[in-house]
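Visitor: This structure is in structure tokens; I'll ask about it shortly.
What follows is calculated from the coordinates using simple rules that are stated; it is not laboratory data. Keep in mind the model is a prediction, meaning the values are calculated, not measured. Here the Cβ positions follow ideal geometry from the backbone for every residue, glycine too, while neighbour counts run over all protein chains shown.
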Amino acid sequence: MAVLLVLAMALAQKESGCAACHAPQQATEAGGAHARGASCVECHGGDSKEADKDRAHGPGLKGRIARGAVPALCGSCHSDARKMNPYGLPTDQHAQYLTSKHGEGLGKGRLQVAVCTDCHGVHGIRRARDPESPVHPARVPATCGRCHGNRELMQPLGHPWEAEAQFRAGVHGKLLLEKGDLAAPSCSTCHGNHGAAPPGFADVGRVCGKCHSNQRESFEASPHAFYAKDGSFKGCVACHANHRIVTSPQEIVGRCTPCHEGPDKEMKKFGALVGILDGARREFGGTGDRVARAARAGLHTEDEEAALGKARTTLLMMPPLQHTLSEEKVGALAKSTASQLARIEAQLDRRERGERAKKLVLIPVWILLAAMAWMFRAKGRRIGRAKP
């Protein structure tokens, strides 16, 4: 790796006189995505072919790029289809940025908003799929958190500053950052990346529905949907929160009280739905354990395992369906799951009875063999005593 880096630097120095004075930046750039097609002068101006510093820093030198000029500079290449097409990169990123809260703020002269280099870095910029890139999915929360977790920066703007910490504590954050599930959402999944903007409450259901389509469809059939449409109910975030996403009934039930007071009819319905789900999961877990024990005991359980997979599919349909708040619909699936599990249990009963029957059949055989062994041994002793 070190040899490759030295060769890359040597090639860069041959092509660019900038490395004579700016070796650290050149070395960093050699490992980045821009090393394949962009040179120093495309961003900074000047003449890289000149060995003399004064001539290299001629009238066209831009030097250090002013913060407010960064998006337009990056956009000068990244909006050019002829330059981006060979690399399969989109050309609308600068246009999206201008519509984002960051871009709108910059347009109003607020230089503290994020610009391209805040998220992507300066020299040695890496592609998003590179695990070392600050915009790799697993690194996005920390990258956004550099600003959005900064209390001193966010409070004067009236923005929350706990978002990153809350995200890490929620279901999405644990999946992404603790379990390494790159399919889990990061900040940009919900807010966008270049066109970043917080979704309004009217749009939250659509944003969540990009991943949770079954839940959204069920929600649309619920009593909550009416109040979400008139704006009195905040949709998904009302129950699950926004950054610290919660899913356990114990956490969700505490968020019902702004609308539901005391043990009213709807709260009892919530408890009934939770009971149906918990009961179905316990039954499934019990049958699953029994199938596993039977397999370890040497029984052929291929049919039962296949049937258990179908029951699992039915069970997984229940949590999204609970968003309808319909005991009848969720209960019907629970009964279907219970019926499937009962058939599996019955099959296991038959297999275990068959195994016991086989063992019972073998008992007379073992008794006969033991008797014959005893007779042969006794006869052997008599023959031994009869010898002179």
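Visitor: Using amide H atoms built in the peptide plane, which far-off residues or other-chain residues are under 5 Å from V135 H to H?
Guide: The list, which skips near neighbours in sequence, is empty: none.
Visitor: Students often forget the sequence filter, so: which aspartates and glutamates lie under 13 Å Cα-Cα from K229 once same-chain residues fewer than 8 apart are removed?
Guide: Counting by Cα, and skipping residues close in sequence, K229 has these aspartates and glutamates nearby: D203, E220.
Visitor: Suppose we flag trypsin sites (Lys or Arg not before Pro) only when DSSP calls them loop and at most 15 other Cβ atoms lie within 10 Å. Which is the longest uninterrupted stretch of the chain?
Guide: Of all site-free stretches, the longest is 256-388.
Visitor: Continuing with the same structure: If I compute mean projected area of the Cα convex hull in nm² from the structure I just sent, which labelled value in [x] 20.0; [y] 37.5; [z] 29.1 lines up?
Guide: [y]
Visitor: While we're looking at this one, here's another question. Please list, in order along segment 69-77, the HN-Hα scalar couplings obtained from phi with the Karplus expression 6.51 cos²θ - 1.76 cosθ + 1.60 (θ = phi - 60°), rounded to whole Hz, x for Gly and Pro.
Guide: Computed from phi, the couplings for segment 69-77 are 8, 4, x, 5, 5, 4, x, 4, 9 Hz.
Visitor: While we're here: Which whole-Hz couplings ³J(HN,Hα) result when phi for each residue of segment 365-376 is put into the Karplus expression 6.51 cos²θ - 1.76 cosθ + 1.60, θ = phi - 60°, listed in order with x for Gly and Pro?
Guide: Once rounded to whole Hz, the list reads 5, 5, 5, 4, 4, 5, 5, 5, 4, 5, 5, 5.
Visitor: Now a separate question. Multiply the residue separation of S222 and R353 by 0.36 nm, subtract the distance between their alpha-carbon atoms, and state the gained length in nm to one decimal.
Guide: Going from the current span to full extension adds 42.5 nm.
Visitor: A further question on this structure: Per-residue HN-Hα couplings for segment 327-341, Karplus 6.51 cos²θ - 1.76 cosθ + 1.60 at θ = phi - 60°, whole Hz, x for Gly and Pro?
Guide: 5, 5, 5, 5, x, 5, 5, 4, 5, 4, 4, 4, 5, 5, 5
Visitor: Order by neighbour count: L316, L277, fewest other Cβ atoms within 10 Å first, most last.
Guide: Ranking L316, L277 by Cβ neighbours within 10 Å, fewest first, gives L316, L277.
Visitor: Right, something else. For each of C21, C187, count neighbouring Cβ atoms within 10 Å of the residue's Cβ, then give the residues from fewest to most.
Guide: C21, C187
Visitor: Here's a follow-up. Given DSSP loops and a limit of at most 12 other Cβ atoms within 10 Å, what is the longest stretch of the chain that contains no such GluC sites (Glu not before Pro)?
Guide: 1-131
Visitor: To the nearest 500 deg cm²/dmol, what mean residue ellipticity at 222 nm is calculated for the chain from DSSP H runs of n ≥ 4 alone, each contributing -39,500 (n - 2.57), summed and divided by the residues?
Guide: -18000 deg cm²/dmol
Visitor: Here's a follow-up. Using the structure shown, select from K83/K108; K234/K268; K174/K265; K310/K358 the pairs with a Cα to Cα distance greater than 32 angstrom.
Guide: K174/K265
Visitor: Given +1 on the Cβ of Lys and Arg, -1 on the Cβ of Asp and Glu, and no further charges, what dipole in debye does segment 269-362 carry about its Cα centre, rounded to the nearest 20?
Guide: 240
Visitor: Between R206 and A272, what is the spin-label point distance in nm, taking each point 7 Å from the Cα along the Cα→C-beta axis?
Guide: Spacing of the two 7 Å Cα→Cβ label points: 3.5 nm.
Visitor: What is the distance, in nm, between label points placed 7 Å from the Cα along the Cα-to-Cβ direction at A69 and at R281?
Guide: Placing both labels 7 Å along Cα→Cβ, they lie 5.8 nm apart.
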